[in-house]
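First the structure, in the form of structure tokens, and then the observations on it.
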Amino acid sequence: MTGREKAYQSCHLCPRSCGVDRARGERGRCGEGSTPRAALATLHMWEEPCISGEKGSGAVFFSGCPVGCIFCQNREIAAGRSGREVDRQRLSEIFLELQGKGAANLNLVTAVHFVPTILDALDDAKRQGFSLPVVYNSSGYETVDTLKSLEGYVDIYLPDFKYMDPALAERYSHAPDYPETAQKAVEEMVRQQPRADFDGEGYLRAGVIVRHLILPGHTRDSMAVLDYLKGTFGDQIYVSIMNQYTPLRHVAPYPEINRKVTRREYEKVLDYAIGIGMEQAFIQEGQTAEESFIPMFDCEGISRE
């Protein structure tokens, strides 16, 4: 066990702060032990254009999640039902393999509960020639301490900002502290990467893109999120305003969100963004709210070829 990996012995990597000994097999809210598990490593084409582009983002989808949103689009892996264990050596190999396939960047998806091993694997990969920008693709539910440990490793932060209303955060994520926690997290991300930097091909090399997924019936909260982001960070960040919410079967007990976002709801939020002067924003067009946009978590790219 490395010095970093001792953090698993009393785990406080995420805001749930369970304190369990994951090194001995105990599991907290993330549902995972101390050995990383991943369900897919592939060239992912469905991120923002400056992340995926034509090359594809080298995405590693990690299993487990400490947030547990009831509407999670990646529930198959977030609930830990898919994935294979990958040790530090194999993880560094995966990073190098994605680079070898021509990925625009390395995209670490829902990685907070495996940060110690990921950082060790990045060190190993860099010694072997790894040089891609690193994307930290996050729920936004992060501790400042864990984010500080990523400084110097992460070039692009890609967090969600799900809610401003603690009541919504409690109902859908059992995390009434989400708004306050996400604000502190994004502020730390922007401290580390205060300005967007693009290369000659239009790929983002450094910076912060905050994603907000509009929930059906909750446009007012979406507007509050945009108010916060614009008022706090101005043009330091980009914002991705998403309409791809897909009502999967596990949201049936929550009838108020058991439908897609309407075109009118999405346009209402976009009009509001324009009205407050938000210019650095990504929007979605077409039929994005389809299950076909959810990856197949078949463990491609995880085992040695």
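The values are calculated or read from the model by the stated rules, or taken from the named source; none is laboratory data. If you're wondering where the values come from, they're calculated on a predicted model, not measured in any experiment. Ideal geometry is used to build each Cβ from the backbone, glycine not excepted, and the neighbour counts take in all protein chains shown. Just the protein is used for accessible areas: all its heavy atoms, side chains included, with ligands, DNA and RNA removed. Shrake-Rupley method; radii C 1.70, N 1.55, O 1.52, S 1.80 Å.
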Checklist entry - Which ones in the range 167-194 are open to solvent by 40 Å² or more (accessible area, probe 1.4 Å), outside any loop (DSSP other than H, G, I, E, B) and either out of contact with any helix residue (DSSP H, G or I) (no Cβ under 6 Å at 6 or more places or on another chain) or on the phi > 0 side of the Ramachandran plot (or both)? => result 167, 170, 171, 180, 183, 187, 191
Item to check | Extreme residue, most open to solvent (accessible area, probe 1.4 Å), among residues of the range 1-13 that are outside any loop (DSSP other than H, G, I, E, B) and of a type in the set (S, T, N, Q) | outcome: 9
Next on the checklist: Need pairs with beta-carbon distance below 9 Å; first residue outside any loop (DSSP other than H, G, I, E, B) and within the range 283-305, second modelled with pLDDT under 75; sequence gap 6+ or separate chains.
Outcome noted: 293/287
Checklist entry - For the range 230-277, how many residues meet the condition of being under 16 Å from residue 186 (Cβ atoms), without any contact (Cβ under 8 Å) to a residue 12 or more places away in the chain and among the charged types (D, E, K, R)? => result 0
Item to check | Unique residue being under 25 Å from residue 155 (Cβ atoms) and either among the β-branched types (Val, Ile, Thr) or over 15 Å from the mean Cα position of the chain (by Cα) (or both) when the list is 58, 100, 64 | outcome: 100
Checklist entry - Residues in the range 244-275 that are basic (Lys, Arg) and part of a loop (DSSP other than H, G, I, E, B): how many? => result 2
Next on the checklist: Please go through the range 195-222 and give me each residue that is in a loop (DSSP other than H, G, I, E, B) and within 19 Å of residue 284 (Cβ to Cβ), ordered by number.
Outcome noted: 202, 214, 215, 216, 217, 218
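One line per residue, one yes/no per condition, for (1) at pLDDT 95 or above; (2) over 30 Å from residue 39 (Cα atoms):
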position: 206; (1), (2): yes, no
position: 211; (1), (2): yes, no
position: 224; (1), (2): yes, yes
position: 265; (1), (2): yes, yes
position: 288; (1), (2): no, no
position: 295; (1), (2): no, no
Checklist entry - For residues in the range 139-166 being surrounded by 16 or more Cβ atoms within 10 Å (Cβ to Cβ) and among the acidic types (Asp, Glu), which is farthest from residue 215 (Cα to Cα)? => result 155
Checklist outcome for this item: Residue count, the range 121-161, condition basic (Lys, Arg) and within 20 Å of residue 88 (Cβ to Cβ), comes to 2
Checklist entry - For the subset of the range 14-32 comprising residues that are farther than 20 Å from residue 177 by Cβ and not acidic (Asp, Glu), which member is least open to solvent (accessible area, probe 1.4 Å)? => result 22
Next on the checklist: residue 241 - would you say it is outside any helix (DSSP H, G or I), touching a His at 6+ places or on another chain (Cβ under 7 Å), within 18 Å of residue 51 (Cβ to Cβ) and at pLDDT 95 or above?
Outcome noted: yes
Next on the checklist: Looking only at the range 232-245, how many residues end up being open to solvent by 10 Å² or more (accessible area, probe 1.4 Å) and among the β-branched types (Val, Ile, Thr)?
Outcome noted: 1
